[in-house]
Amino acid sequence: MTMVEPARQSRATGAAMLLGGALSNQVGAATAALAFPVLGPAGVVAVRQWVAAAVLLAAGRPRLREFTAWQWRPVLGLAAVFALMNLSLYTAIDRIGLGLAMTLEFLGPLAIALAGSRRRVDLLCALAAAAAVGVLTRPRPSTDYLGIALAALAATCWACYILLNRTVGRRLPGVQGSAAAAGASGLVYLPVGIFAFLHHPPSAGAVLASLTAGVLSSAVPFLVDLLALRRVPAPFFGAFMSVQPVLAALVGLVVLDQRLDAAAFAAIGVIVAANAMTVLRRVG
């Protein structure tokens with residue numbers, strides 16, 4: 001056996017892990033939606049933030065007392081963005097469905113990838129994505145503009161999340177910064193969760209669905225991504241993440257019976273292709 005074959009096997013394993021992590025993330029979001037009628041999006045997000053905080057604090061073990069003000073500033077900004085991103089996304093999912101909400105949120109990292117580029121191909125990708133968004137949000141009697149606006153807010157938060165994560169990563173070692181941000185976000189959601197539980201008495205099924213969503217959408221993708229990045233190149237990882245909107249649409253159909261028309265699926269495909277092409281060309 002040559003050295004190339006183990007490398008190929010490792011990349012194949014990494015790709016399979018990424019697919020599993022992406023699928024876990026979308027199934028987690030769909031599971032969270034099942035608890036919305038009982039806990040509401042805010043209550044479900046609170047549980048998810050607590051799970052994320054527990055997982056990341058255990059993994060990162062941040063030395064909070066050693067953080068300086070220079071380090072705390074982006075960490076707290078990241079915590080605020082993290083909290084707002086999940087709340088706006090879950091509320092959007094509740095209003096416009098998983099597939100559409102996740103696709104619109106995906107415009108955040110796509111915008112970061114395209115920002116500052118002057119290449120024609122990237123310009124064409126941006127125009128294609130804009131046209132696809134127009135198809136997805138075209139006025140219809142059932143169009144929920146507030147839901148679309150919330151998904152756009154989630155996209156903006158995701159873009160800010162990427163930029164702040166870069167800053168946090170430069171100022172703090174390992175995942176200490178992300179762990180501290182998750183912990184701070186979890187603390188912010190303590191009163192939110194208590195308020196939600198008092199006004200929406202939780203059932204055992206709703207709490208279990210929320211906890212499951214937290215594990216599937218926070219713990220599993222985090223651990224899988226760490227392991228997968230040891231097996232696949234970073235550009236491949238970035239391009240592979242483009243599959244998320246497609247999986248969201250399929251999981252929304254299977255788990256939640258949320259149906260999109262052919263035009264919407266085509267628009268999702270265009271956005272996915274635009275992102276994959278942009279990521280791959282930036283490292284080509």
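If you check every pair at least six apart or on different chains, which have Cβ atoms under 9 Å apart with a residue in segment 7-27 that is under 25 Å from residue 103 (Cβ atoms) and among the aliphatic types (A, V, I, L, M) first and a residue that is modelled with pLDDT of 90 or more and not in a helix (DSSP H, G or I) second?
none
Specify the residue that is surrounded by the fewest Cβ atoms within 10 Å (Cβ to Cβ); the eligible residues are those in segment 213-239 that are within 13 Å of residue 55 (Cα to Cα) and at pLDDT 90 or above.
Out of the qualifying residues, it is 215.
Can we say residue 174 is at positive phi and either touching a Leu at 6+ places or on another chain (Cβ under 9 Å) or at pLDDT below 95 (or both)? First the steps, then the outcome.
Values: at positive phi: yes; either touching a Leu at 6+ places or on another chain (Cβ under 9 Å) or at pLDDT below 95 (or both): yes.
Against the criterion (at positive phi and either touching a Leu at 6+ places or on another chain (Cβ under 9 Å) or at pLDDT below 95 (or both)), residue 174 qualifies.
Residue 200 is checked against (1) under 17 Å from residue 44 (Cβ atoms); (2) crowded, with 20+ Cβ neighbours inside 10 Å and fails just one. What number does that condition carry?
(2)
Cβ-Cβ below 6 Å, separation at least six or inter-chain, first residue in segment 153-167 and touching a residue at least 12 places away in the same chain (Cβ under 8 Å), second part of a helix (DSSP H, G or I) and among the polar types (S, T, N, Q): which pairs?
153/88; 154/88
Test of understanding: among 274, 248, which residue is more than 26 Å from residue 78 (Cα to Cα) and surrounded by 20 or more Cβ atoms within 10 Å (Cβ to Cβ)? Explain how you work it out, then say what you get.
Details: 248 fails: more than 26 Å from residue 78 (Cα to Cα).
Exactly one of 274, 248 is more than 26 Å from residue 78 (Cα to Cα) and surrounded by 20 or more Cβ atoms within 10 Å (Cβ to Cβ), namely 274.
Let's see how each residue does on (1) free of Cβ contacts under 8 Å to residues at least 12 places away in the same chain; (2) of a type outside the set (Phe, Trp, Tyr); (3) buried (at least 18 other Cβ atoms within 10 Å of the Cβ):
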| position | (1), (2), (3) |
| --- | --- |
| 114 | no, yes, yes |
| 121 | no, yes, no |
| 130 | yes, yes, no |
| 140 | yes, yes, no |
| 175 | no, yes, yes |
| 178 | no, yes, yes |
| 205 | no, yes, no |
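Within the group 150, 104, 146, which residue is hydrophobic (A, V, I, L, M, F, W, C), touching a residue at least 60 places away in the same chain (Cβ under 8 Å) and either farther than 21 Å from residue 51 by Cα or crowded, with 21+ Cβ neighbours inside 10 Å (or both)? Give the steps one after another, and end with the answer.
Values: 104 fails: touching a residue at least 60 places away in the same chain (Cβ under 8 Å); 146 fails: touching a residue at least 60 places away in the same chain (Cβ under 8 Å).
Every option except 150 fails the conditions.
How do the pairs read when you match residues in segment 57-80 that are in contact (Cβ under 8 Å) with a residue 60 or more places away in the chain and loosely packed, with under 15 Cβ neighbours inside 10 Å with residues anywhere that are basic (Lys, Arg) and assigned to a helix (DSSP H, G or I), using Cβ under 8 Å and keeping only pairs 6 or more apart or on different chains?
70/171
What single numbered condition from (1) farther than 30 Å from residue 50 by Cβ; (2) surrounded by fewer than 24 Cβ atoms within 10 Å (Cβ to Cβ) fails to hold for residue 125?
(2)
The values are calculated or read from the model by the stated rules, or taken from the named source; none is laboratory data. Predicted model only: the values in this text are computed from it and were never measured. Cβ coordinates were reconstructed from backbone atoms using ideal geometry, including for glycine residues, and neighbour counts include every protein chain displayed.
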